[in-house]
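To start, the structure itself, in structure tokens.
The values are calculated or read from the model by the stated rules, or taken from the named source; none is laboratory data. Not measured: the values here are computed from a predicted model. Please note: Cβ atoms are built from the backbone with ideal geometry, for glycine as well, and neighbour counts cover all protein chains shown.
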């Protein structure tokens, strides 16, 4: 019975305590200002203004009132993190516009060239490099047709892309273009056999239209023109394919 009464009394203390200020009310009429610490079915632990915790028998306690506590400030919203790097998957197509003029009559194997990105390079919804970004490439092979015989050949690959002012290495599939040696029928068979769905535009000096040529794997498409040099004038559109996954910084 005593335990039951003590439990009821404790509940009354706690209910009363939810209402007002950190004050311990004793049955003797004394009120003690301080900080409520804890209570059980036998006693209340309360720290007065002197800073020393004390235990008070539940039989001597009339109630506890609590001071209003300032609510904790709401946490500041975390800024949305913007990725600083992204991985571009293997097989991603990289369309570029030539800046330099390449011509098998004058271009040497090993020569470097410059191009610009023709559309944004995107990875997982993030723009890694914006249209107009500079790329550098290398002429893997440049061979002009011999007079009256043979055929011209040019192979290109991209070596790096400039993002935020720094050149970052990339590896692309080689791009290959061959001059004609067996007539129009061979050109048709070669392009069809590549199975790449490449759009082969004007090549050999027709800078107005340019050339969109897909090189998805290996050395890409071969187009054949008898005894003529191969020319990639400025603004020619070429398309390369990324050979392996590459992590690059995101354009600012």
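Before moving on, here are some points about what is shown:
- Residue ranges of strands (runs of 3 or more DSSP E) in region 95-182 with at least 1 members more than 20 Å from residue 245 (Cβ to Cβ): 112-117, 134-143, 153-163, 175-178
- The listed residues are 230, 200, 224, and the only one of them that is out of contact with any strand residue (DSSP E or B) (no Cβ under 6 Å at 6 or more places or on another chain), within 22 Å of residue 103 (Cβ to Cβ) and at pLDDT below 95 turns out to be 200.
- Residue 127 being within 16 Å of the chain's Cα centre (by Cα) and surrounded by 17 or more Cβ atoms within 10 Å (Cβ to Cβ): no
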